[in-house]
1. Kindly give the semi-axes, whole Å and largest first, of the ellipsoid equivalent to region 106-147, taking each as the square root of 5 times a Cα gyration tensor eigenvalue.
2. Can you give me the Rg/Rh ratio for region 66-147, using Cα atoms for both radii and the Kirkwood formula for Rh?
3. May I ask for the net charge around Y127, where only other residues with Cβ less than 11 Å from the Cβ of Y127 are counted and Lys, Arg are +1 while Asp, Glu are -1?
4. What pairs from K86/K109; K50/K137; K56/K86; K50/K109; K50/K140 go past 19 Å between their alpha carbons?
Amino acid sequence: MQKRPIRKAKKNVRATAQRRAQEPAQPGVEGVQPAAARGKGNSSPLNNLKQNLSGKRKAIFEILDDVKKVPPEQWQDPNNVEQMAKNFANKLGLPVPEQRIKQFVNAYKDATKNGPNANVDDLVKKYGPNVDDQTLKEIKKFVPKSK
């Protein structure tokens, strides 16, 4: 086994440090932008989510694969859904407070108790007082229209 010359290793470390110094600083822990740093410009919750998810393509595809593997009967158990939500947040590196997870599970229970005819507007009024109109429109794109 041959050792690498020390000079070359130092050169690589220096080059990496210089490259990192030139890159813009990553906001928050693991790319998650803290609320205080967001500012009040044109940022919306949807834009913040998109920014927090940028660079997490691999984790998103892993989550989608995991979702495909979940049998339909597991989706009926809110405890399984809660555990999946926690796992997905961890895979994405997004800090989600326990209270927010519980709120999501309660909304999930309400949304699924009447089958596919859940009213998105009612659920948002009850569980998402901070949901802006743009985000609501995006959510509605993924919800089947009531008959």
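1. Taking √(5λ) for each Cα gyration eigenvalue gives 17, 13, 7 Å.
2. Numbers: Rg = 13.3 Å, Rh = 13.9 Å.
That ratio is 0.96, to two decimals.
3. Counting the neighbours of Y127, the net charge comes to +3.
4. K50/K109
Just so you know, all these numbers are worked out from the coordinates, no wet-lab data involved. Because the structure is a prediction, the values reported are computed rather than measured. As a convention, Cβ positions derive from the backbone with ideal geometry for all residues, glycine included, and neighbour counts pool all protein chains shown.
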